[in-house]
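Structure record follows, encoded as structure tokens.
The values are calculated or read from the model by the stated rules, or taken from the named source; none is laboratory data. Note that this is a predicted model, so its numbers are computed, not measured. Reconstructed Cβ throughout: ideal geometry from the backbone, glycine too, with neighbour counts over all protein chains shown. All accessible areas refer to the heavy atoms of the entire protein, side chains included, with ligands and DNA or RNA removed. Shrake-Rupley method; radii C 1.70, N 1.55, O 1.52, S 1.80 Å.
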Amino acid sequence: MKLTFRWFGKDDPATLQNIRQIPTMSGIVSAVYSVPAGEVWPEEEITAIQREAAASGLAFEVVESVPVHEDIKLGKPTRERLIENYRENILRLGRVGVKVVCYNFMPVFDWLRSELYKELQDGSTTLAFDNETLLSLDPAKGDLSLPGWDESYTAEELRALLDAYKGMDKEALWENFAYFIRNVIPTCEEAGIVLAIHPDDPPWDIFGLPRIITGAQSYARMREISPSPANGIALCLGSLGVDPANNIPAIVKKYGPRIHFVHARNVTWVGERSFEEAPHPSACGSLDMYRIFKALHEAGFDGYIRPDHGRMIWGETGRPGYGLYDRALGATYIAGLWEAIEKQSREG
């Protein structure tokens with residue numbers, strides 16, 4: 001297991017010096033954030049990340065994310081050029097030693113929350129999702145007021161994009177996903193890179209848009225599309241875990257060899273399709289982190305893991321979910337849990 005930490009570049013309040021001081025930390029997870037989705041990343045910007053990480057004693061072997069352009073998801077004729085650009089990015093990343101590329105296939109909206117600063121009983125703040133709040137909104141009417149998305153598109157751009165998806169069902173989205181995978185996986189194999197798809201967050205349809213990477217059945221279908229080990233999984237415990245129907249230890253047992261990257265966080269179920277993000281330990285949320293990590297160990301997991309979203313604690317401010325302090329606590333919890341499981345396994 002290689003412990004890593006998300007880093008958003010030089011403007012990230014969590015500096016490389018901060019990250020390297022977290023015990024057992026091996027590397028960073030980053031990306032080129034200055035280039036629009038679908039375009040080719042300049043090689044000098046990729047190598048700059050690798051060089052800066054190495055200067056701080058950290059590896060840069062995981063990219064999160066290389067975004068998939070909406071035209072690829074929609075199956076438009078422009079996808080040919082966009083997939084070619086994606087393949088070029090894979091080759092460029094392989095040349096600097098990147099091993100894993102995380103990505104998602106969610107239409108229009110990436111992760112969604114209804115609140116970014118939900119105050120918990122201990123006074124910390126966290127990300128939260130209230131289903132009733134989501135159901136009360138209609139983005140087609142321009143009344144979308146979700147945090148983090150108000151500035152993503154103008155109202156006109158959002159309506160146009162939603163119109164483009166009208167009539168698209170899950171089967172059509174699966175077909176477009178399969179087309180993308182079959183065209184990109186050979187390049188991944190050539191570059192020595194594995195793809196790791198992030199589950200939809202949350203893992204159910206939003207605003208009438210289909211979502212397809214939602215649990216065990218999704219991974220079975222992915223394997224049918226391409227049996228290559230490069231067609232892999234980013235196991236996000238928080239994303240899968242907000243649906244109580246997802247038995248994460250069972251998913252790990254069945255698909256362990258395809259899990260290349262793990263996002264570790266806990267969540268608390270507070271109602272039907274409603275949740276709050278919680279501190280990492282099992283006692284703090286609804287997920288049994290010990291059982292999940294034990295399943296990963298038994299499956300022979302030797303990939304990359306990072307502490308995912310954390311609370312804002314101790315007066316810290318910054319990018320919601322990506323403060324330094326609580327994620328550092330999460331990293332030490334992960335390291336300690338893994339050490340205990342490893343020693344328990346060896347000692348019988």
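Are there any pairs, at least 6 apart or on different chains, whose C-beta atoms fall under 6 Å, with the first in region 81-109 and within 19 Å of Ala172 (Cα to Cα) and the second in a helix (DSSP H, G or I), and if so, which?
The qualifying pairs are Leu82/Asp71; Leu82/Ile72; Ile83/Asn183; Phe105/Phe177; Pro107/Lys73; Pro107/Tyr165; Val108/Leu161.
What number goes with the only condition from (1) touching a residue at least 24 places away in the same chain (Cβ under 8 Å); (2) under 25 Å from Thr125 (Cβ atoms); (3) not acidic (Asp, Glu) that Ile341 does not pass?
Condition (2) is where Ile341 drops out.
Only one of (1) in contact with a strand residue (DSSP E or B) (Cβ under 8 Å, 6 or more places away or on another chain); (2) farther than 27 Å from Arg92 by Cα; (3) assigned to a helix (DSSP H, G or I) fails for Arg221. Which number is that?
Failed condition: (1).
Restricting to region 118-130, name every residue that is surrounded by 16 or more Cβ atoms within 10 Å (Cβ to Cβ) and either over 17 Å from the mean Cα position of the chain (by Cα) or aromatic (Phe, Trp, Tyr) (or both). Explain how you work it out, then say what you get.
Taking region 118-130 and keeping what is surrounded by 16 or more Cβ atoms within 10 Å (Cβ to Cβ), we get 118, 120, 124-130.
Result: Lys118, Leu120, Ser124, Thr125, Thr126, Phe129, Asp130.
For region 87-117, what are the residues that are at pLDDT 95 or above, of a type outside the set (D, E, K, R) and open to solvent by 10 Å² or more (accessible area, probe 1.4 Å)?
Leu91, Gly94, Val96, Gly97, Asn104
Which is in contact with an Asp or Glu (Cβ under 6 Å, 6 or more places away or on another chain), at pLDDT 95 or above and more than 17 Å from Ile193 (Cβ to Cβ), of Thr78, Thr24? Full working, then the answer.
Values: Thr24 fails: in contact with an Asp or Glu (Cβ under 6 Å, 6 or more places away or on another chain).
Unique residue meeting the criteria: Thr78.
Is one or more of the residues making up region 278-290 touching a residue at least 12 places away in the same chain (Cβ under 8 Å) and touching a Cys at 6+ places or on another chain (Cβ under 8 Å)?
yes
For region 175-205, give me each residue that is crowded, with 18+ Cβ neighbours inside 10 Å and of a type in the set (A, V, I, L, M, F, W, C).
Residues of region 175-205 crowded, with 18+ Cβ neighbours inside 10 Å: 176-177, 180-181, 184-185, 187-188, 191, 193-203.
Once the filter is applied, which keeps residues that are crowded, with 18+ Cβ neighbours inside 10 Å and of a type in the set (A, V, I, L, M, F, W, C), region 175-205 yields Phe177, Phe180, Ile181, Val184, Ile185, Cys188, Ala191, Ile193, Val194, Leu195, Ala196, Ile197.
Across region 14-72, what is the total count of residues that are open to solvent by less than 30 Å² (accessible area, probe 1.4 Å) and more than 30 Å from Val108 (Cβ to Cβ)?
Number of matching residues: 9.
Go through region 212-233 residue by residue and tally those that are touching an Asp or Glu at 6+ places or on another chain (Cβ under 6 Å) and open to solvent by 10 Å² or more (accessible area, probe 1.4 Å). Give the derivation first.
Taking region 212-233 and keeping what is touching an Asp or Glu at 6+ places or on another chain (Cβ under 6 Å), we get 213-214, 230.
Narrowing further to those that are open to solvent by 10 Å² or more (accessible area, probe 1.4 Å): 214.
Result for region 212-233: 1.
Please list, ordered by residue number, the helices (runs of 4 or more DSSP H) wholly in region 234-348 having 1 or more residues that are open to solvent by 10 Å² or more (accessible area, probe 1.4 Å).
248-255, 289-298, 324-347
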